[in-house]
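Input: a single structure, listed below in structure tokens.
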Amino acid sequence: MTLLRSARFPALLLLIAAGVGLVLANSPVADAAAAVKGAYIGIPGLFTLSVGHWIADGLLAVFFFVAAVELQYELTNGQLNSPRKALQPIIAAAGGVLVPIAVYLVIAGSGETAAGWPIPTATDIAFALGVLAVFGKGLPSGLRVFLLALAILDDIVGILFIAVLFTSDVDLLMLGAAVVLLVVFRLLSAQLGGRGTRATSVLMVVVALAVWFFVHESGVHATIAGVALGLVMYQQPALRTRHALEPWVNAIVLPVFALAASLVAIPQVSPTELSPAFWGVALALPVGKIVGITLAGWLSMFLGGTRLAFGDLLAAGALGGIGFTVSLLMSELAFSVDAATRDQATLGVLAGSAVSLLVAAILVSLRAWHHRRLALTTPAT
């Protein structure tokens, strides 16, 4: 379990899972893999979803629950619990959202591909911290704190985009039922740790599943149920639950989603024939994030933000370009009715994230070497 809680190993699992998905989709078993993803499971006549939707709407809700618990903690007791602490990452996150959107719209902002502008706004915290852990020995702790806060803010933006942009024909009755059950869930979470904890836990799981069902049926994207549950749960039991779920999220939830989302056939065409959605995402992630985060983070220092070297901000910008999980989800949502464009946008996420990962590994290694050398040459006081 310790390995699955580390920063490095989960990132490696994600990379392997994405690679397996691409290999399967471009192999003789591609049709069989697509058939499995498209197969419907559930209670016939009552509620069924395809395997792909169970993964993206159901399994991924667990990931969003864990992310929301971390967000709740950071907003109340962590790196975002005061305006002073939050100022620099907020400004940097704004740059890391607005500039990639601008880059995407310049390349793919006309026609049907314009709907993909939210895709390059996300940062994959598991990958970013994994690269930092592997290549960043010797970096100042302030850079990791800055990156963590930045990624959390990116998650907030992603959650808002999913909740607002990919919601249609909201059924207020279903949504109201979900809200009522959320109140019940919160009240039950206050009873954890006392007598009857096991029974309370079982009841909370039942209520959580009901919340997910009603949110799904309301027209709001079902992963928002995970967000809401993580935010309303009392903090101490929520943190314990997050600790228990984290290895399973890292070992199963995220790799399975990465594999399913990466089941994309690589088009046998020349680069000039690729969709603008591919180029928009593939360039907006590395270029937009590096430029946006670096410049906005640098400008924020003049407003009282933490002093970080320009080279460190550059490395953080490259890490921010590793979009992956949430970007893959947004690709599926933005082009849900256009499979060809969705697949090309997905390839754009994989390509852009791969370029960002490579650039980040180089920049983080150089900055870590610089700080180690600086530590050796600076006289002790």
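The values are calculated or read from the model by the stated rules, or taken from the named source; none is laboratory data. Note that the structure is a prediction, hence the values are computed from the model and not measured. Counting neighbours? That spans all protein chains shown, and the Cβs are built from the backbone with ideal geometry, glycine included. Quick note on the areas: whole protein, heavy atoms, side chains included, nothing else; ligands and nucleic acids left out. Shrake-Rupley method; radii C 1.70, N 1.55, O 1.52, S 1.80 Å.
Under a 5 Å amide H cut-off, with hydrogens placed 1.01 Å from N, Ser50 pairs with Ile41 among residues at least 5 apart or on other chains. Within the listed set Leu303, Leu13, Leu129, the Gaussian network model of the chain (springs between alpha-carbon atoms below 10 Å) gives the highest mean-square fluctuation for Leu303.
Using a Gaussian network for the chain with springs between C-alpha atoms less than 10 Å apart, which of these wobbles most: Ala39, Ala277, Ala25? Comparing Ala39, Ala277, Ala25 in a Gaussian network model of the chain, the most mobile one is Ala39.
Let a ≥ b ≥ c be the square roots of the eigenvalues of the Cα gyration tensor of the stretch 292-351; is it rounded (a/c under 1.5), or, if not, prolate (a/b larger than b/c) or oblate? Note, shape of the stretch 292-351 comes out prolate. With all protein chains kept in place, the per residue accessible area of the chain amounts to 46 square angstrom at a probe of 1.4 angstrom. Just the protein heavy atoms count here, and of the accessible area of the chain at 1.4 Å, carbon and sulfur take up 71 percent. Distant-in-sequence amide contacts of Val220, defined by a placed amide H-H separation under 5 Å and a gap of 5 or more residues or a different chain, comprise Asp171. Taking 25 °C and 0.890 mPa s as conditions, the stretch 56-179 diffuses translationally at an estimated 149 µm²/s according to Stokes-Einstein applied to its Kirkwood radius (Cα pairs).
For the stretch 258-381, the spherically averaged projection of the C-alpha convex hull amounts to 10.3 nm². Each of Asp169 and Phe310 was given a label point 7 Å from its Cα along the Cα-to-Cβ line. The distance between the two points is 5.4 nm.
Take the Cα radius of gyration of the stretch 26-116 and divide it by 2.2 N^0.38 Å, N being the number of residues; the result is 1.66. Sorting the Cα pairs of the chain by distance into bins of 10 Å, from 0 upward, gives 5, 23, 32, 26, 11, 3, 0, 0 percent per bin.
When the trypsin sites (Lys or Arg not before Pro) in the stretch 167-226 are filtered for DSSP coil states and for at most 16 other beta-carbon atoms within 10 Å of their beta-carbon, the remaining sites are Arg195. Charge tally around Glu332: other residues with Cβ under 15 Å, Lys/Arg +1 each, Asp/Glu -1 each, net -1.
A straight chain from Met301 to Ile266 at 0.36 nm per residue would run longer than the Cα-Cα distance by 8.3 nm.
Just add up the charged neighbours of Leu314: K/R +1, D/E -1, any other residue whose Cβ is under 14 Å from the Cβ of Leu314. Display every interim value, and only then the final one.
On the way: positive: Lys289, Arg367; negative: Asp312.
Net charge in that neighbourhood comes out at +1.
Taking the Cβ of Ser50 as the centre, find all other residues whose Cβ is under 11 Å away and add up their charges (Lys, Arg: +1; Asp, Glu: -1). Value of the local net charge: 0. For the stretch 225-243, backbone nitrogen atoms closer than 16 Å to the point 7 Å from Asn81 Cα along Cα-to-C-beta are found at 234-240.
Converting phi to 3J(HN,Hα) with the Karplus coefficients 6.51, -1.76 and 1.60 and the offset θ = phi - 60°, the stretch 106-114 yields 4, 8, 10, x, 10, x, 5, 6, 4 Hz in sequence order, with x at every glycine or proline.
In this calculation the C-beta distance from Ile362 to Ala133 is compared with R0 = 22 Å, giving a FRET efficiency of 0.90.
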